[in-house]
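The values are calculated or read from the model by the stated rules, or taken from the named source; none is laboratory data. The structure presented is a predicted model; accordingly, all values stated were derived computationally and were not measured. Cβ placement follows ideal geometry from the backbone for every residue including glycine, while neighbour counts extend to all protein chains displayed. We work out accessible area using only protein heavy atoms, side chains counted, and drop any ligands, DNA or RNA first. Shrake-Rupley method; radii C 1.70, N 1.55, O 1.52, S 1.80 Å.
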Amino acid sequence: MQRPPPEDFLLKETKPHLGGGKVSGDKLTSTYDLVEQMQYLYVRVVKAKDLPAKDVTGSCDPYTEVKLGNYKGTTRHFEKKSNPEWNQVFAFSKDRIQASILEVTVKDKDVVRDDFIGRVLFDLNEVPKRVPPDSPLAPQWYRLEDRKGDKAKGELMLAVWMGTQADEAFPEAWHSDAATVSGTDALANIRSKVYLSPKLWYLRVNVIEAQDLQPSDKGRYPEVFVKATLGNQTLRTRISQSRTINPMWNEDMMFVAAEPFEEPLILSVEDRVASNKEESLGRCAIPLQMVDRRLDHKPVNTKWYNIEKHVVIMEGEKKKEIKFSSKIHMRICLEGGYHVLDESTHYSSDLRPTAKQLWKSSIGVLELGILNAQGLMPMKTKDGKGTTDAYCVAKYGQKWVRTRTIIDSFAPRWNEQYTWEVFDPCTVITIGVFDNCHLHGGDKPGGAKDSKIGKVRIRLSTLETDRVYTHSYPLLVLHPNGVKKMGEIHLAVRFTCSSLLNMMHMYSLPLLPKMHYIHPLTVSQLDNLRHQATQIVSMRLSRAEPPLRKEIVEYMLDVGSHMWSMRRSKANFFRIMGVLSGLIAVGKWFDQICNWKNPITTVLIHILFIILVMYPELILPTIFLYLFLIGVWYYRWRPRHPPHMDTRLSHADSAHPDELDEEFDTFPTTRHSDIVRMRYDRLRSIAGRIQTVVGDLATQGERLQSLLSWRDPRATALFVIFCLVAAIVLYVTPFQVVALLSGIYVLRHPRFRHKLPSVPLNFFRRLPARTDCML
């Protein structure tokens, strides 16, 4: 039996104070009810007017400074403007407030020393409290005061209130815990955002034939193929078997295209004039906006496209351009009936087809509360000490969310809540935690990548509906030196079902859209298309502001999961053994019955067997009743918590260091030749054992075939005679008698058994196989 994982790697159920504790029955009823309420002091600086000039030029360069205790935030400054508009929000966490007076100061930017213009003071005890869905607090004009408290020239429009993270000003606000971050780009990198994956289509290009091609060498048969390019994807057909100027192919090519369609499909007809030389016979560009969209299996109409080739010839001293126009016959369509796979189907978060017309109605809502993390490891060094600037990314369907970055904290508190529509319960949400390495010049060429801290997957079908799951998940990451716990993330999850009948009906439907079964794609096609889809998604999201970078998207989508790994191979082998262990246990139990290890049980089995033989109509009801009783019996031990990463199942805690080094090696390898040779020899020995097992299976199958093949004439003759006798006996003997005698013979007492193999087994092992014909 497999050992349980270490205690530190287990899931822990928690009882946080969600939604400010407003609970009604089993459901929470406040806004942001899956997170702990966090109180903030909000200061909205809108604008100023009638500011006095403080320098000899008669103008001022104003900005506003908001100060609370040791925390200080500033707006951008305007040059030579006495009526500036900032409209900027500052948020101070109530847990970190160290003063009772809020000071909002307007200053004049200066090269040497900024000049004081005026200020407004607020007593925090007098600040009003706002709870959404209340309307936003209206800003008011406040007269500026000098340092003595006397009225100064100028007014400042402000709004000050106490609120929570549910406030609409929260995402765009400057936060006091990010006071050490400066610069507009760096501040943009720490804010929470919601992203949408681009809408992906499969583009099918069916190249049928071409006509009137003009090869440069008229005296040879052209070797023509078609090369198609879409963005950075390039595919080519085989060389046409009809080596004429009217070649035929009738071959399909599949691409991944993303809306909006920015790049056309480029088709080029090429002639292979030598082994390493190709000549273009013409090309055409097809905008994808003009391509037909197909929603079902009905073929779209074919079209003839012009492929043009421009040739420049010399007539005396003049250049003359001649344009040849050949034709190519194709069927091109955007496939709306497929789901473009950018994740593995084992933990996909979306299974809907591309075309929105084919979507079913949603079956429920998934709500996720990202509460906090604890015990995070230091991911980088700053000023001689370890630090972590953590943020979370969650992905479900086309919607990606990113929390704000908590600066320099090993126990960050986010308390952000997000919602997704659910269209299929057999889907998975992925939550990853990362360290932000782009706050201090990380965006420069060669800058650092955001480091992964860990991720969690939650399968929706394992959740009970309308129940709030609050757990602390271990963040486990596999490093070259072994598995390591990087901390814990605290999540609250609720799956609400809008229609139980619709959700139950989903279990009877195919997992993927019907086009995947009517016109299935090959495994190699799916692998290539998935790779292209992940590249497109990562490129588009990295162009957002702030960007969701390539390393984040690839980690969330598990891009490298298909690469060879000795550890994964072992884990999958033991998973198979775990599945077969039930059958093996039944076989051992039956062997004990046959050998009368427990005489009472064996007698009961004899009685049950005789009853089923005499009343065969009870066999199927008995089997299903037995399965029903097993299911009811196991209900008491049903899982109470969502599944999580299992280090024992993954063989992460017992992997050899060299196996991990091989898993983290690049492709192609960068290791020394001696190490590569050792790993190759190890792989050969493993493959040799697999080869032996496959050969043994083939041998047994060939022996079965040789029963009637007359390869061994005596064995086949014996078997044919046995079949004739068996047919006559079974014809004249009632089936129930045959079944009863066979069963009693199998269950006979050990006193009537021999230790030697049975006659049928001896006969089967003597049958010939084709191993003697192999080199």
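Residue by residue, the stretch 517-532 carries 3J(HN,Hα) couplings of 9, 6, 10, x, 8, 6, 4, 5, 4, 4, 5, 5, 5, 5, 4, 5 Hz when phi is fed to the Karplus relation 6.51 cos²θ - 1.76 cosθ + 1.60 (θ = phi - 60°); x denotes Gly or Pro. The value of relative contact order for the stretch 39-192, using C-alpha pairs under 8 Å at least six residues apart, is 29 percent. If you wrap the Cα atoms of the stretch 654-704 in a convex hull and average its projected area over all directions, you get 5.0 nm². Within the stretch 356-557, the proportion of C-alpha pairs whose separation exceeds 24 Å stands at 50%. The percentage of C-alpha pairs in the stretch 611-677 whose separation is greater than 14 Å is 77%.
Within the full protein context, the accessible area of His754 is estimated at about 150 Å² for a probe radius of 1.4 Å. So what does the Cα-only Debye profile of the stretch 200-335 read at q = 0.09, 0.12 Å⁻¹, as log10 I(q)/I(0), no solvent term? Taking Cα atoms of the stretch 200-335 as identical point scatterers yields -0.30, -0.51. Under 29 Å of direct C-alpha separation, and excluding same-chain neighbours fewer than eight residues apart, Lys597 reaches these lysines: Lys588, Lys755.
Taking a straight line from the alpha carbon of Lys327, these aspartates and glutamates sit under 20 Å away, with near neighbours fewer than eight places off in the same chain left out: Glu209, Asp212, Asp217, Glu223, Glu251, Asp252, Glu270, Asp271, Glu278, Glu279, Asp292, Glu308.
Centroid-to-centroid, using Cα positions, the stretch 379-434 and the stretch 643-722 are 41 Å apart.
Here's how it looks for Gly118: its modeled amide H is under 5 Å from those of Val106, which are all 5 or more places away or on a different chain. Each of Thr601, Ala585, Tyr626 was placed along the dipole of the stretch 536-656 (beta-carbon charges, centred on the mean Cα), and the one lying farthest toward the positive end is Ala585. Run the 1.4 Å probe and let me know the accessible area of His656, rounded to the nearest 10 Å². For His656, solvent-accessible area is about 110 Å². Taking amide H as placed 1.01 Å from N in the peptide plane, the amide H of Lys47 sits under 5 Å from that of Trp86, Asn87, Met157, each at least 5 places away or on another chain. In terms of its alpha-carbon gyration tensor, the stretch 566-773 comes out oblate; a/c meets the 1.5 threshold, while b/c is at least as large as a/b. Here the chain carries DSSP beta bridges of which approximately 95% are antiparallel, counting only pairs with both residues inside. Rounded to the nearest 10 square angstrom, Ile584 shows an accessible area of 80 square angstrom against a 1.4 Å probe. In whole angstrom, how far apart do the alpha carbon centroids of the stretch 487-542 and the stretch 610-642 sit? Measuring centre to centre over Cα atoms gives 33 Å. Per-residue Karplus couplings for the stretch 575-584, computed as 6.51 cos²θ - 1.76 cosθ + 1.60 with θ equal to phi - 60°, are listed in order as 5, 4, 5, x, 5, 6, 4, x, 5, 5 Hz, Gly and Pro entered as x.
Any idea how far the Cα center of the stretch 110-186 sits from the one of the stretch 584-600, in Å? Their Cα centres are 80 Å away from one another. With protein chains left intact and a 1.4 Å probe, residues in the stretch 200-335 average 55 Å² of accessible area per residue. Exceeding 23 Å between C-alpha atoms, which entries from my cross-link table qualify? They are Lys449/Lys484; Lys94/Lys485; Lys12/Lys455. Distance filter (> 23 Å) returns Lys94/Lys485.
Figure note: His339, His672 ranked by solvent-accessible area, largest first, 1.4 Å probe, ligands and nucleic acids not counted: His672, His339.
With contacts taken as Cα pairs under 8 Å and at least 6 residues apart, the chain reaches a relative contact order of 10 percent. The listed residues Tyr517, Tyr338, once ranked by accessible area (1.4 Å probe) with the largest placed first, stand as Tyr517, Tyr338.
In this rough spin-label picture, where each label sits 7 Å from Cα along the Cβ direction, the Leu500-Arg770 distance is 5.7 nm.
Both radii come from the Cα set of the stretch 544-677: Rg as radius of gyration, Rh as Kirkwood radius; their ratio Rg/Rh reads 1.20.
For the chain, a simple Cβ point-charge model (Lys and Arg +1, Asp and Glu -1, everything else neutral) yields a dipole of about 2060 debye relative to the Cα centre.
Packing here is the average count of other Cβ atoms within 10 Å per residue, and on that basis the peptides 142-152, 682-692, highest first, run 142-152, 682-692. Summarising the overall dimensions of the chain from its C-alpha atoms, the Rg and Dmax are 36.2, 124 angstrom. Using C-alpha pairs under 8 Å with a sequence gap of at least 6, the mean separation divided by the residue count of the stretch 122-270 gives a relative contact order of 19 percent. For Thr602, the shell of other residues with beta-carbons less than 14 Å away shows a net charge of +3, using +1 for Lys and Arg and -1 for Asp and Glu. For the chain, the residue among Leu41, His651, Ile576 whose Cα projects farthest onto the positive side of the dipole built from Cβ charges is Ile576.
Evaluating kT/(6 pi eta Rh) at 37 °C and 0.692 mPa s, with the Kirkwood radius of the stretch 145-236 over Cα pairs in the Stokes-Einstein relation, gives 150 µm² s⁻¹. Straight-line cross-link partners of Lys514 among the lysines, defined as a Cα under 20 Å from its Cα and at least 8 positions apart when in the same chain: Lys199, Lys298, Lys356, Lys360.
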